[in-house]
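> First the structure, which I've put down as structure tokens, then a few questions once you've had a look.
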Amino acid sequence: AGPVPATHQANQGFLRALLALAEAAEGIGETPEAERCRAFLGECGTSADEVRALRQEPLR
């Protein structure tokens, strides 16, 4: 329970996977699932844009 900040490296894999699931669900027409995943990101205290920005950073 509580925030899952994208700035915390241990959370980044989970957040990236959640965003990938949202995007894949949208891609195959599973709009309700995509919306649930995006809502979950919001409940984690982050946004899809913030997680997308992680893709631009080099892996450590």
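> Send over a whole-number figure in Å² for the accessible area per residue of segment 9-56, probe 1.4 Å.
Per residue, segment 9-56 has an accessible area of 58 Å².
> What does the charge count around residue 24 come to, taking other residues whose C-beta lies under 14 Å from its C-beta (Lys +1, Arg +1, Asp -1, Glu -1)?
-2
> To continue, here is another question. Can you pull the percent of the chain's accessible area that's carbon plus sulfur, 1.4 Å probe, other chains left in place?
Carbon plus sulfur share of accessible area: 57 percent.
> With runs of 4+ DSSP H residues as the only contributors, calculate the mean residue ellipticity of the chain at 222 nm using -39,500 (n - 2.57) per run, divided by the residue total and rounded to the nearest 500.
Estimated from H runs of four or more residues: -20500 deg cm²/dmol.
> If you don't mind, another one. Show me, for segment 20-30, the HN-Hα J-couplings you get by feeding each phi into the Karplus relation (A = 6.51, B = -1.76, C = 1.60, θ = phi - 60°), rounded to Hz, glycine and proline as x.
Result, rounded to whole Hz: 4, 5, 4, 5, 5, 4, 4, x, 9, x, 8.
> Quote the charge dipole size of segment 9-56 about the Cα centre in Debye, to the nearest 20; the model charges only the Cβ of Lys and Arg (+1) and of Asp and Glu (-1).
Its charge dipole is roughly 200 debye.
> Let me ask something else about it. With a/c under 1.5 counting as rounded, go ahead and sort segment 9-56 into rounded, prolate or oblate using the C-alpha gyration tensor (a ≥ b ≥ c being the square roots of the eigenvalues; past the cut-off, prolate if a/b is larger than b/c, else oblate).
It is prolate, given that a/c is not under 1.5 and a/b is the larger ratio.
The values are calculated or read from the model by the stated rules, or taken from the named source; none is laboratory data. None of these values were measured; they are calculated from a predicted model. Counting neighbours? That spans all protein chains shown, and the Cβs are built from the backbone with ideal geometry, glycine included. Just the protein is used for accessible areas: all its heavy atoms, side chains included, with ligands, DNA and RNA removed. Shrake-Rupley method; radii C 1.70, N 1.55, O 1.52, S 1.80 Å.
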